[in-house]
Amino acid sequence: MTPPSNSVTPRAPLHFLGLACAIGVSTIYFNQPLLVEMGKTFGEPAGRVMVVSGATQVGYALGMLLFVPLGDLLERRALMIRMYAVVIVALLLVSMAPTLAWLIAGSVLLGLVASVTHIVLPIAPELVPHKQRGRAIGTVMMGLLLGVLLARTFSGWVSHIPQLFVYAPRLFPKGAFWVSDGWRYVFIIAALGNAVFLLFLGRVMPRLPPSQHLRYADAMRSLWTLVRTQPLLRESSLISALVFAAFSCFWTTLAYMLSSNYGLGAGVAGSFGLVGAAGAMVAPVAGKLADKRGTRWVLTAAIALLAISYLVLWAGVESRLPLALHIAALVIGVLVLDVGMQMTQISNQTRIFGLVPSALSRLNTVYMTSFFAGGAIGSALAAMAWNRWQWNGVCILALGLIALTGLCHAFGTHTSQPFNPDSRTDHPVLDSVIEV
């Protein structure tokens, strides 16, 4: 049975939810600027090492499918504490990886438990009135995207720590793995940061009882019912998969492109996250636009920006320009890319979180599983495109994915907002499955 209609969800600060999302999601992006360094550690070529990035996203997608529905079934503060604790263990396992196979397996585990991010995210629209749902999602999503982007900056520069040890050779002898492999420090320091956050989580977050009393098997069955009965959810999920596949094409190959074209290392690759972080600031604005102009308008603008970004990135690298102009083009392209990505996420999630209020975690499960499955596929395709056609192939692939996104949007559901979230689903079968 469902909770009483007069039950009130305890309030937690939206900005703390944004911080929780940032810390959770950042763990799956640490490896992207470090792929070249990881390849040197294990003596593996680019094609094999890029699997690490895709493996993390595969784990993340599986985690959302298997764990995120628990957000509708269990007390969420306790669930979050347990999952963040396992994130710490997974980070340490990755940091100690003696082989590439170990690193890939650890990355899958890390992705699985980092899906706690999407147990946190659906809490936001519960804390505000329906008309402010876009703003609330935008606030928390800004934290999430800052975590995605600044994770790359953090990992890129922390990996340079071993260079400091030349000043203390007696304390840090040459040849020790913790000295020679700077990328390992990234995961060790991240584990310590997660441990500190875990101490605050239990104090700041109130108890968050489940929205319904369901068995896990019933909740998993209801995922398919949601997909079958909600065309807007299917459309948003497909669009998200295609967009994130295109987005991942850039970030998966960036470190190799900078190394091969300009001789630049992990620190510079990670610094592009700072550029993208500026794009994350558009999240609250995108949320307000979704509330005011409608989600379909925001999504149309986002797809156009994504296409423009890859045209700039392609021309900036392949044109015969001085290095300074090349870097300037990359900076502009990354900024536009992240703005487009953020606007896509806000518009899509504003749409789906208004569909079935009693199943927010499961709606997010379907959506984000599709999202990160698309990212994993995009990373794999980008690795193949890079190996065969280098940057030209990567950009053509991404533009093709964006073109498919445009077609899905053009022929999709022509509604800007879902129906009133205070109403029932208007699907008797769905109501019977969700309201056990």
Within region 30-41, is there a residue that is of a type outside the set (K, R), surrounded by fewer than 24 Cβ atoms within 10 Å (Cβ to Cβ) and not in a helix (DSSP H, G or I)? no
Taking region 61-83, which residues are of a type outside the set (G, A, S), open to solvent by less than 10 Å² (accessible area, probe 1.4 Å) and under 17 Å from the mean Cα position of the chain (by Cα)? M64, V68
Looking only at region 358-382, filter to residues that are at pLDDT 85 or above, of a type in the set (G, A, S) and open to solvent by less than 10 Å² (accessible area, probe 1.4 Å); which one of those is nearest to L313 (Cα to Cα)? A382
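Anything in region 286-302 that is of a type in the set (S, T, N, Q) and buried (at least 20 other Cβ atoms within 10 Å of the Cβ)? List them, or say none.
If the condition is that a residue be of a type in the set (S, T, N, Q) and buried (at least 20 other Cβ atoms within 10 Å of the Cβ), then T295 is the only one that fits.
Quick check on region 303-320. Is at least one of its residues modelled with pLDDT under 85, part of a helix (DSSP H, G or I), more than 20 Å from G400 (Cβ to Cβ) and open to solvent by 30 Å² or more (accessible area, probe 1.4 Å)?
The initial filter retains those residues of region 303-320 that are modelled with pLDDT under 85, namely 316-320.
If we keep only those that are part of a helix (DSSP H, G or I) too, we end up with 316-318.
Now drop any that are not more than 20 Å from G400 (Cβ to Cβ), which leaves none.
Within region 303-320 (the criterion being modelled with pLDDT under 85, part of a helix (DSSP H, G or I), more than 20 Å from G400 (Cβ to Cβ) and open to solvent by 30 Å² or more (accessible area, probe 1.4 Å)), the answer is no, since none of the residues qualifies.
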When L355 is evaluated against the numbered criteria (1) without any contact (Cβ under 8 Å) to a residue 60 or more places away in the chain; (2) in a loop (DSSP other than H, G, I, E, B); (3) open to solvent by less than 40 Å² (accessible area, probe 1.4 Å), which criterion, by number, is the only one it fails? (1)
Across region 226-282, what is the number of residues that are at pLDDT 80 or above, under 18 Å from G375 (Cβ atoms) and not aliphatic (A, V, I, L, M)? 12
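Of everything in region 324-346, what is of a type outside the set (A, V, I, L, M, F, W, C) and surrounded by fewer than 20 Cβ atoms within 10 Å (Cβ to Cβ)? Give them in sequence order.
Selection gives H326 alone.
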Where G393 falls short, out of the listed (1) open to solvent by 30 Å² or more (accessible area, probe 1.4 Å); (2) in a helix (DSSP H, G or I); (3) without any contact (Cβ under 8 Å) to a residue 24 or more places away in the chain: (1)
Which of the following residues is in contact with a Phe, Trp or Tyr (Cβ under 9 Å, 6 or more places away or on another chain), at pLDDT below 90 and open to solvent by 50 Å² or more (accessible area, probe 1.4 Å): V51, V58? V58
Would you say V179 is surrounded by 18 or more Cβ atoms within 10 Å (Cβ to Cβ), under 23 Å from G43 (Cα atoms), aliphatic (A, V, I, L, M) and modelled with pLDDT under 85? yes
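The values are calculated or read from the model by the stated rules, or taken from the named source; none is laboratory data. In this text, all values refer to a predicted model and were calculated from it rather than measured experimentally. Please note: Cβ atoms are built from the backbone with ideal geometry, for glycine as well, and neighbour counts cover all protein chains shown. Remember, those area values only see protein heavy atoms, side chains included, never the ligands or the DNA or RNA. Shrake-Rupley method; radii C 1.70, N 1.55, O 1.52, S 1.80 Å.
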